[in-house]
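Structure, as structure tokens:
Every number in this text was worked out from the coordinates using simple rules, so none of it is lab data. Source: prediction; values computed, not measured. Cβ sites come from the backbone with ideal geometry, for glycine too, and all protein chains shown count toward neighbours.
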Amino acid sequence: MRFERSSGILLHPTSLPGNYGIGDLGAAAYHFVDWLVVAGQKIWQMLPVGPVGMGNSPYMSFSAFAGSPLLVDLDDLAARGWLDKTDLEKGRSFSRNRVDYPAVIQFRQELLERAANGFCRLGTADDKSEFESFCDANAHWLEEYGLFMAFHDKFGGSPWNLWEKEVARRYAKAIRKRISDLRDSIQMHKFIQWSFGRQWKSLKKYANDRQVKLIGDIPIFVAHNSADVWSNPESYYLDNTMHPNVVAGVPPDYFSRTGQRWGNPLYRWDVMKKNGYAWWVERFRAMFQLFDIVRIDHFRGFVAYWEIPASEKTAEHGRWVEGPKDDLFHTVLKRLGRLPIIAEDLGFIVPEVHVLRDQFQFPGMKILQFAFGSGTDNPFLPHRYISNCVVYTGTHDNDTTCGWFLTANDQEKSFMKKYINVDSQDIHWTLMRLGSQSVADLSIFPLQDVLGLGKEARMNYPGKSLGNWEWRFTWDQVKPDHAQRLHELSVLYERYPPQ
């Protein structure tokens, strides 16, 4: 599907400014939408917005359907009378530059529990009717998620396959026996999801009313410790202890000499095919209720995925296994109609990946930081683009452009200077200009590149388990010149109408 020629910013909501240790769906998110408009940007792209799990990674969520409790706007809950404003004071002591996940999670979880109790006591009839309607409309995933999270809390946050055997294996009698004791906890987690959904709907409308579209991210795989796997273990390759037999990852590549062992369980595609890929249909349906456009992470995995024996400590020893290919997408699109999807077609790519991408006219991705390491036939060089693609200076998995340039080798720097015919001053603006003037329908820039930040602002180091996803910016880093220069680029290269 072709997109309107436009430009946008990659920024995860957790990186927004705010008073309570992490960016959320509150005032700063609305202010950021306003800034995008002033800067001539029509796109806000994000990472997955589900509840973060292992390593605080948005790609290791407790649910493929739920929203992150960390993103719930606490000020909104206080304004509705479900929290006392004095409860919020502790949050003002958190760092404004990095997310301290353990401390922030504990702080926010305590306040969300209080807000849920406040809602039960003080919520209006209209509020409670809206809550019940939300629960009914989302029962197909919310019931299992609420139950999973209640058990997760009860068993101290341990992975579900280490819970009591009767619960881990979902014996109906054992579940019924415990469910009455967990009723309050289940309702709390449902309340959090309702709060997230209500706030998200409001923010999305605010953005769309200002001609800003939201791009979301759908990881191809799910976390083992998730409601999705616990509630449907037959759809995954698990052993008799409910551990994965084999796990997902990628072989050695640009990012890591030993590859990346992600650890996600792998799908039993034969089982999913037999039920008409129902889980995938509902997953896509849910994502397009949140976002206008969706990027599919690791798209090549639908053609073939890297299967690693769970006993292996790295991703070096694995094998390629055939995926569902076009069968899945024919089914999903038949049920849901044409969908605005971006295919993340990076890494070790074989021709069949491009065939699948082009069969459904999904735009692929072009990364300018990858463009200068070889010759003029490099597919990431702008003169080789087709219009139906999305160009980025870098992604959340890359260093910032300024950080990348400092470590680029002499050959890359020399070729880049010849290709662009400028010196290396303001390299971030040079690459943003290069992306803007390309024929790519969409050009997307990480906010770190707009601000000219170095490697200290990097979001993620692939293969590194700790210290990721923590970067935040503050409004005093954002100068009028940033919006002005972006606006000029967008107007000059017909990505935004002149005012």
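A Cβ-based charge dipole, computed about the Cα centre of the range 65-146 with Lys and Arg at +1 and Asp and Glu at -1, lands at about 500 debye. Label reach from Met1 (point 7 Å along Cα→C-beta): in the range 27-62, no amide nitrogen lies under 14 Å. Would the chain count as rounded, prolate or oblate if I go by the C-alpha gyration tensor, calling it rounded below 1.5 in a/c and otherwise prolate when a/b exceeds b/c, oblate otherwise? Oblate, since a/c reaches 1.5 and b/c is not below a/b.
Rounded, prolate or oblate for the range 136-258? Axes are the square roots of the Cα gyration tensor eigenvalues, ordered a ≥ b ≥ c, and the cut-off for rounded is a/c under 1.5. Verdict is oblate for the range 136-258. Which FRET efficiency value, to the nearest 0.05, is calculated for Asp184 and Ala79 with the Förster distance at 35 angstrom and r the Cβ-Cβ distance? Result of the calculation: an efficiency of 0.90. Between 0 and 90 degrees, the angle of helix 125-137 with respect to the longest Cα principal axis of the chain falls at about 70 degrees. Only helices enter this figure: runs of n ≥ 4 DSSP H residues, each worth -39500 (n - 2.57), summed and divided by the residues of the chain, yield -12000 deg cm²/dmol at 222 nm to the nearest 500.
Positive-end ranking of Leu111, Leu83, Ser93 along the dipole of the range 50-126, with charges on Cβ about the Cα centre, is headed by Ser93.
Listed peptides 129-135, 328-334 appear in the order 328-334, 129-135 once ranked by packing, highest mean of other Cβ atoms within 10 Å at the front. Looking at the chain, the DSSP beta bridges with both ends there are about 40 percent antiparallel. Full extension of the chain between Leu492 and Lys273 yields a length gain of 74.0 nm, computed as 0.36 nm times the residue separation minus the alpha carbon distance. Of the cross-linked pairs Lys90/Lys213; Lys128/Lys204; Lys42/Lys85; Lys205/Lys366, which ones have a Cα-Cα span greater than 25 Å in the structure shown? Beyond 25 Å: Lys90/Lys213; Lys42/Lys85; Lys205/Lys366.
Here the chain is treated with +1 on each Lys and Arg Cβ and -1 on each Asp and Glu Cβ, and its dipole about the Cα centre works out to around 420 debye. By other beta-carbon atoms within 10 Å, ranking Arg210, Arg495 with the fewest at the front produces Arg210, Arg495. Looking at the square roots a ≥ b ≥ c of the eigenvalues of the Cα gyration tensor of the range 349-472, which shape do they give, rounded for a/c under 1.5, prolate if a/b is larger than b/c, or oblate? Since a/c reaches 1.5 but b/c is at least a/b, the shape of the range 349-472 is classed as oblate.
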